[in-house]
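The values are calculated or read from the model by the stated rules, or taken from the named source; none is laboratory data. Note that this is a predicted model, so its numbers are computed, not measured. Note that each Cβ is placed from the backbone with ideal geometry, even for glycine, and that neighbours are counted across all protein chains shown. Ligands, DNA and RNA are excluded from the accessible area calculation, which covers all protein heavy atoms including side chains. Shrake-Rupley method; radii C 1.70, N 1.55, O 1.52, S 1.80 Å.
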Amino acid sequence: MGDLDSGIDPDNVKWFGNAPGRPYEKRDECAMCWSAPLCGGPCFACAELLGRAGSPSPDYCSMVRSEGEAAIWLADVLKDEHPQLLLDLLGVNIEV
Ligand code: SF4
C-alpha cells in the first residue's frame, strides 16, 4: 500500500479496502454467518492468498463457530447456576 520512500499510496489503500482487505460485511460467506459479529471475518492473507479467492477457510469458520457456541453455552449455564460468576467474568459490577 506504499513504501518507505514515498509513503502510503491512497489509491492502493482504497483498492485494498475494497478487495483483499474488505470487511466481513462485504464477503458473501460472512454476510450469511450468524457468528460474523463475534468473528469479524477471516484473516485477509489466508482468505486471499491461499487460493481461496476471498472465501474464508471452512476449517477456520468451523473453529470460530465452535468457539462461539461454547461461549454461548457457558454464559447460559453460568446465568442459571452461577450468575455472580458470569458477572465477574464479564467485568460487571452491580452494587446493591
Ligand atoms: S466464521 Fe467464517 S463465514 Fe463466519 S464471519 Fe467468520 S470468516 Fe466469515
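Semi-axes of the equivalent ellipsoid of the chain: what are they in whole Å, largest first, if each equals the square root of 5 times a C-alpha gyration tensor eigenvalue? Could you put the intermediate results ahead of the total?
Details: eigenvalues 276, 71, 21 Å².
In descending order the semi-axes read 37, 19, 10 Å.
Using a cut-off of 14 Å between beta-carbons, work out the net charge of the residues near residue 87 (Lys and Arg +1, Asp and Glu -1, residue 87 not included).
Values: positive: 79; negative: 80, 81, 88, 95.
Net charge around residue 87: -3.
For residue 6, what accessible area in Å² do you get when you roll a 1.4 Å probe over the heavy atoms of the protein chains, rounding to the nearest 10?
Using a 1.4 Å probe on the heavy atoms, I get roughly 90 Å².
List the relative contact order of the range 2-90 as a percent without decimals, with contacts defined as Cα pairs under 8 Å and 6+ residues apart. Before the final figure, lay out the partial values.
Numbers: 52 pairs, mean separation 15.6, N = 89.
About 18 percent, as a whole number.
Could you give the size of the charge dipole of the chain about its Cα centre, using +1 on the Cβ of each K and R and -1 on the Cβ of each D and E, expressed in debye and rounded to the nearest 20?
Details: 7 positive and 16 negative charges, 62 e Å.
Using Cβ point charges on Lys, Arg, Asp and Glu, the chain gives about 300 debye.
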